[in-house]
Each structure stands twice: as structure tokens, then as C-alpha cells.
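Student: Below is one structure. I have some questions about it.
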Amino acid sequence: MNLCTNAAHAMEDEGGILAVELEDVRINDSSFMQDQHLKAGDYLKLTVSDTGMGISPENIVSIFEPYFTTKGPGEGTGMGLAVVHGIIHIYGGNISVKSDLGKGTVFKIYLPITGKPGTHIEYISEELPTGTERILFVDDEAPIADMGSQVLKRLGYSVTTRTSSIEALELFRSKPNDFDLVITDMTMPNMTGDRLATELMAIKPNIPIILCTGFSKKISHENAAAIGLKAFVNKPFAKADLSETVRKILDKAKISG
């Protein structure tokens, strides 16, 4: 999580690609073992890479040191990578990093595979709240829109999806009474989720709107409440979180009339 968060920060301004890869490897090359400070054996190799701004040569030598950070006040403690480094080495693994300024960064982690059997935990099915209301689900990423639609349809809701905030606004403008709830992504081209919400509420002031968002400096609970948003759902969202939030907001809307 720490490595992925750092990668997201590195791509915050320009966007990019975050890749996470996991593979089984057997290490028996003596020179590689010496270079990586690893013993011979079977390992899981975890690679976390991004196409962000990269790390400068003068900083990369210090990134695993406690309290070292290039982030501004209140944005980082400098303990994240130090803790990551410590955890990996405690378990007999190793972490290395390569970076090119303006091109991105690659972290490679080796963790030894244990032969100890895991503990079996019995899965208990959870009863989720359902409903029959009509929902407009907006996300510019088609796979997320499809996934959200499928989750909500299985819970009984009638769902219409749009992958364009402009198209969603046009649809809502033409049929404002066809929807009981709108769920929208925050970061979308042409019109962000908060702007879309403002436009929708100008058409139908009492329409409840849920915002789906990952980490964003542009929106907070305070300014979301100020423009009339009813709730947040963090991305990636879990089925239970989505279902409970939807049911709670719809029930509140019924009570308020």
C-alpha cells in the first residue's frame, strides 16, 4: 500500500500507469544472492512500478532512511519506506529501487516462501441490504461502470450507466424523474463529479448523490457536504460498503421527503 501510494503521488499531476506484478522465482545465482543479500531458495518477487516523475540520484540513496521525505509539510513523515524496508528484511527478503527522472520508478521486492501451512478460515456469507430504486451510475472507466452496475442489479436495483459526465447530464436533464439516486466518479474528463453533482441538483434539488473517489486533494467531506453531496464511497469500493451506503442514503431521502 505504501509503494502504491507513493506511485500515485508521483503521477498525481500528469497521470500515468501503476503496475503491480507478482511471480514465483528460484534464486541460486551466487552473484545475484550476494548483490541482493539473499539466501538460495524460493521467493515471491513483487514488482511495483510507475511512470511518474521519478526520483533524483541525490535522493534515491536516502529514500529508505527514517524521516527522509521530499513531500511538503503535512504530506509525509518519511517513515513509510523505512518501515517497508524493515518489514522486508525482518522476513529475510530484500527491496531494491531503480528510477529515471521523468520516466518513472521500479521497486523490486523479494520475500522468501514459507512451507508452513496456512490457517483455514471459513467464509460466512453476509446479508446485504437490497432495494428496487432507480440508480444512475456514472464513471468514465467502462469496467468500473459495468462492475458497479452488476453489483447494484444483483441487489435488486434498476441501474443505468454512463461513461461520460456530459452524456449523464443530458440524460438526467431529459428524464430527471426517472432516477432516485445518482452515483458518480469524481475524476472524469470534461466535467468532474462535483461539478456534475452541482448541475444535477440545479435540475432536481432533492436528488441524492453519492461520490466515488480515491485520494483527491480537490474534494473533502466538508466541501462535499457544502455542495449537497450525501456520501462518499472510496475507490476501489467493496460490495458491502456500496450496498450499505446506497441503502442508507435512499432511506434518508425517503424520510426527508
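The values are calculated or read from the model by the stated rules, or taken from the named source; none is laboratory data. Predicted model, so just to flag it, every value in this text is computed and none were measured. We place every Cβ from the backbone using ideal geometry, glycine too, and count neighbours over all the protein chains shown.
Student: Taking the condition of being in a loop (DSSP other than H, G, I, E, B), modelled with pLDDT under 75 and among the small types (Gly, Ala, Ser), how many residues in the range 215-246 meet it?
Tutor: Residues meeting the conditions: 3.
Student: Of all residues being of a type in the set (D, E, K, R) and closer than 12 Å to LEU136 by Cβ in the range 146-172, which is nearest to the chain's Cα centre (by Cα)? Just the residue, please.
Tutor: The extreme case among them is ARG162.
Student: Just one of the numbered conditions (1) under 22 Å from PRO129 (Cβ atoms); (2) at pLDDT 90 or above; (3) surrounded by 18 or more Cβ atoms within 10 Å (Cβ to Cβ) is not true of LYS153; which one?
Tutor: It fails just one condition, (3).
Student: Residue check: is LEU181 assigned by TED's automatic domain parsing to the domain that holds LYS239, under 17 Å from GLY228 (Cα atoms), touching a helix residue (DSSP H, G or I) at 6+ places or on another chain (Cβ under 8 Å) and free of Cβ contacts under 8 Å to residues at least 40 places away in the same chain?
Tutor: Criteria not met by LEU181.
Student: Do you know which residues across the range 133-158 are in a helix (DSSP H, G or I) and not acidic (Asp, Glu)?
Tutor: Of everything in the range 133-158, those that are in a helix (DSSP H, G or I) and not acidic (Asp, Glu) turn out to be ALA142, PRO143, ILE144, ALA145, MET147, GLY148, SER149, GLN150, VAL151, LEU152, LYS153, ARG154.
Student: Mind listing whichever residues of the range 21-37 are in contact (Cβ under 8 Å) with a residue 60 or more places away in the chain, more than 11 Å from ILE109 (Cβ to Cβ) and surrounded by 14 or more Cβ atoms within 10 Å (Cβ to Cβ)?
Tutor: ILE27
Student: Taking the residues in the range 159-205 that are assigned to a helix (DSSP H, G or I) and of a type in the set (Ser, Thr, Tyr) as candidates, determine which candidate is surrounded by the fewest Cβ atoms within 10 Å (Cβ to Cβ).
Tutor: Of everything passing the filter in the range 159-205, SER174 is surrounded by the fewest Cβ atoms within 10 Å (Cβ to Cβ).
Student: Another question, then. Condition check: modelled with pLDDT of 95 or more, assigned by TED's automatic domain parsing to the domain that holds ILE144, farther than 16 Å from ALA145 by Cα and touching a Leu at 6+ places or on another chain (Cβ under 8 Å). Does GLU199 satisfy that?
Tutor: Judged against the criteria, GLU199 is a match.
Student: From the list GLU141, GLU170, pick out the single residue that is over 30 Å from ASN6 (Cα atoms), out of contact with any His (no Cβ under 8 Å at 6 or more places or on another chain) and of a type in the set (Asp, Glu).
Tutor: Just a single option satisfies the conditions, and that option is GLU170.
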